[in-house]
Amino acid sequence: MKNTLILGTQWGDEGKGKVTHYLARQADVVARYSGGNNAGHTVVIGTETYKLHQIPSGIFFERCDCMMGNGMVVDVRVLLEEIEGLQARGISMERLKISYLAHVIMPYHLVLDGVSEARRGEQSLGTTRRGIGPAYSDKVARNGIRVMDLLDADSLRELITFNLRDKAHALADVALQPDPMVRDYLALGERLRPYIDDTSYLLHQRWKAGKSILFEGAQGALLDVDLGTYPFVTSSNSGPGYAGAGLGISPKAVDCVLGVVKAYTTRVGTGPFPTELEDATGERLRKQGGEFGTTTGRPRRCGWLDLVALEAACRVHGVDALAITKLDVLGGFDPLRVCTAYRHAGKTLERFPLSAKVLAECEPVYEDVPGWSDTISDVRRWNDLPRAAQEYLAFIERRLGIPVELVSWGAEEDRTLVREGAAVGR
Ligand code: IMP
């Protein structure tokens, strides 16, 4: 299989976990390059449901190496719970490797995330409060603590002491003491030691040996800190441009980008969302789609598919093929509405605006397409999908000029179809 990068093309929660898991059976490596436990992937295998936050979705396959790259921020306490939780269910962790260079989310990052959200008041970003922004801020400010520091008592003591002093004002009355924190994190480092490695080197070796690699994106294109709806974004780059930096490998290792698109649109957290439906239709989408966050349990905001936003995501990240997920959720809606342009200040915009302020003022321009009412849960061949569902996919393809090669619905593994002749998975 070509080295494929799985990219969320919307505001996250597109179903990347299911698609990655589906393709991972043919991969030798699944590597994650950004984000932390703000992500949440649900994988259903038979009657078992697994919720992953930091561990790559290839972990369920014996032959698959799973790498957590230097571009991630890792909550080691939560990671160890995730590791031990999976082990208790019989999943081997032997092939999990975490970069020495990944940054660690510390307890003060969690506090600072909450403090910063509270300070913003009405303008809060609706973060997952997992300490992601503060951890990335420290990385860029060169105050970060890396996984390697957990294995070196002197460095760790120095870094924790410095950071607690540096942040004393912002932490105000939250009493965090350096000594117990040093002790705790050294102990966590010891438990993590078997998994810590030079993932850049390991990945490079596998690439040169012709192994197939899946690059597992986290969050989504519209949450990318550079190219998303800033400031209503996460603090890392979700696109393929960051796969090289976040894994310590040449960007040329990525052969193709598979854009995962939910058949409609959802968003958690605040920020502009032109096709949001704050009515009974939105409520019905939320209910039919089970749109509640994997990580925080928050209800997701729901709306129609937005091709203006999708065009930008596919363009800036060079998406080669599309995977459409949760197609079944649209069953029973007729007509279906698809946003193909925006109205702003009396003008029609066909290109996604760069400013979140302008985006918030945009009204969607919809084209209606026929819906379908037949259930698709038993469909096993592409051509057996309801005619209108096939038309819906064709409409997306035509507008974006990118082939839809995979569709999926439901959580179960077998509810995934790859189109005949598709390049994906080869
Ligand atoms: P943070 O990443 O926790 O700082 O949150 C920043 C924004 O990104 C908030 O709107 C979050 O809801 C959103 N976000 C972060 N990770 C995910 C994700 O995996 N899925 C969906 N939204 C996310």
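Could we say that A263 is in the same structural domain as I6 (by TED's automatic domain parsing), touching a helix residue (DSSP H, G or I) at 6+ places or on another chain (Cβ under 6 Å), of a type in the set (G, A, S) and over 25 Å from G131 (Cβ atoms) here?
Details: in the same structural domain as I6 (by TED's automatic domain parsing): yes; touching a helix residue (DSSP H, G or I) at 6+ places or on another chain (Cβ under 6 Å): yes; of a type in the set (G, A, S): yes; over 25 Å from G131 (Cβ atoms): yes.
In short, yes.
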- Query: Residues in the range 156-172: is at least one free of Cβ contacts under 8 Å to residues at least 60 places away in the same chain and under 30 Å from T294 (Cα atoms)?
  - Reply: yes
- Message: Where the second residue is of a type in the set (S, T, N, Q) and the first is without any contact (Cβ under 8 Å) to a residue 40 or more places away in the chain and lies in the range 339-354, which pairs have Cβ atoms under 9 Å and are six or more apart or on separate chains?
- Response: A341/T348
- Message: So, in the range 90-145, exactly how many residues are more than 22 Å from the chain's Cα centre (by Cα) and not in a loop (DSSP other than H, G, I, E, B)?
- Response: 12
- Task: Give the residue, chosen from S116, S137, S155, S124, that is more than 22 Å from Y230 (Cα to Cα) and of a type in the set (G, A, S).
- Result: S155
- Which condition does L214 not pass, out of (1) open to solvent by less than 30 Å² (accessible area, probe 1.4 Å); (2) outside any helix (DSSP H, G or I); (3) within 16 Å of the ligand (Cβ to nearest atom), if it passes all the others? (3)
- Query: Within the bounds of the range 281-297, is there any residue that is within 16 Å of the ligand (Cβ to nearest atom), within 20 Å of D224 (Cβ to Cβ), open to solvent by less than 20 Å² (accessible area, probe 1.4 Å) and in contact with a Leu (Cβ under 8 Å, 6 or more places away or on another chain)?
  - Reply: no
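Kindly evaluate S408 against the criterion of being surrounded by 20 or more Cβ atoms within 10 Å (Cβ to Cβ), small (G, A, S) and within 26 Å of T49 (Cβ to Cβ).
Considered against the rule, which asks whether it is surrounded by 20 or more Cβ atoms within 10 Å (Cβ to Cβ), small (G, A, S) and within 26 Å of T49 (Cβ to Cβ), S408 comes out as yes.
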- Kindly establish whether C314 is within 19 Å of the chain's Cα centre (by Cα) and more than 16 Å from the ligand (Cβ to nearest atom). yes
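Please work out if E420 is in a loop (DSSP other than H, G, I, E, B), in contact with a strand residue (DSSP E or B) (Cβ under 8 Å, 6 or more places away or on another chain) and over 22 Å from T9 (Cβ atoms). Lay out the reasoning, then the answer.
Numbers: in a loop (DSSP other than H, G, I, E, B): yes; in contact with a strand residue (DSSP E or B) (Cβ under 8 Å, 6 or more places away or on another chain): no; over 22 Å from T9 (Cβ atoms): yes.
So E420 fails the test.
Keeping to the range 376-393, report how many residues are part of a loop (DSSP other than H, G, I, E, B) and open to solvent by less than 100 Å² (accessible area, probe 1.4 Å). Let's see the steps before the verdict.
So in the range 376-393, the residues part of a loop (DSSP other than H, G, I, E, B) come out as 376-381, 385-386.
Next cut, open to solvent by less than 100 Å² (accessible area, probe 1.4 Å) only: 376-377, 379, 385-386.
Of the residues in the range 376-393, 5 are part of a loop (DSSP other than H, G, I, E, B) and open to solvent by less than 100 Å² (accessible area, probe 1.4 Å).
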- Item | Output for the range 239-272, where each listed residue is open to solvent by 20 Å² or more (accessible area, probe 1.4 Å), touching a strand residue (DSSP E or B) at 6+ places or on another chain (Cβ under 6 Å) and either within 16 Å of the ligand (Cβ to nearest atom) or farther than 19 Å from M68 by Cβ (or both) | C256
- Item | Qualifying position, being more than 16 Å from the ligand (Cβ to nearest atom), of a type in the set (A, V, I, L, M), surrounded by fewer than 17 Cβ atoms within 10 Å (Cβ to Cβ) and modelled with pLDDT of 95 or more, among A88, A170 | A88
- Query: Could you count how many residues in the range 19-38 are hydroxyl-bearing (S, T, Y) and open to solvent by 10 Å² or more (accessible area, probe 1.4 Å)?
  - Reply: 1
- Single match in A118, A135, A153 (criterion: outside the structural domain of T294 (by TED's automatic domain parsing), more than 13 Å from the ligand (Cβ to nearest atom) and open to solvent by less than 50 Å² (accessible area, probe 1.4 Å)): A153
- Within the range 196-211, which residues are assigned to a loop (DSSP other than H, G, I, E, B) and in contact (Cβ under 8 Å) with a residue 24 or more places away in the chain? D198, K211
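Would you pick out the residues in the range 7-47 that are among the basic types (K, R) and within 15 Å of A243 (Cβ to Cβ)?
Selection gives K16, R32.
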- Task: Tally the residues that are within 14 Å of the ligand (Cβ to nearest atom), out of contact with any Leu (no Cβ under 9 Å at 6 or more places or on another chain) and closer than 26 Å to R426 by Cα, restricting the search to the range 25-63.
- Result: 1
- Note on the structure: Per the filter on the range 173-196, residues modelled with pLDDT of 95 or more and open to solvent by less than 50 Å² (accessible area, probe 1.4 Å) are M181, V182, Y185, L186, L188, G189, L192, Y195, I196
- Message: Tell me whether the range 349-364 contains one or more residues that are touching a strand residue (DSSP E or B) at 6+ places or on another chain (Cβ under 9 Å), assigned to a strand (DSSP E or B), charged (D, E, K, R) and open to solvent by less than 10 Å² (accessible area, probe 1.4 Å).
- Response: no
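The values are calculated or read from the model by the stated rules, or taken from the named source; none is laboratory data. Source: prediction; values computed, not measured. Neighbour counts run over all protein chains shown; Cβ positions are idealised from the backbone, glycine included. Surface areas here come from the heavy atoms of the whole protein model, side chains and all, with no ligands, DNA or RNA. Shrake-Rupley method; radii C 1.70, N 1.55, O 1.52, S 1.80 Å.
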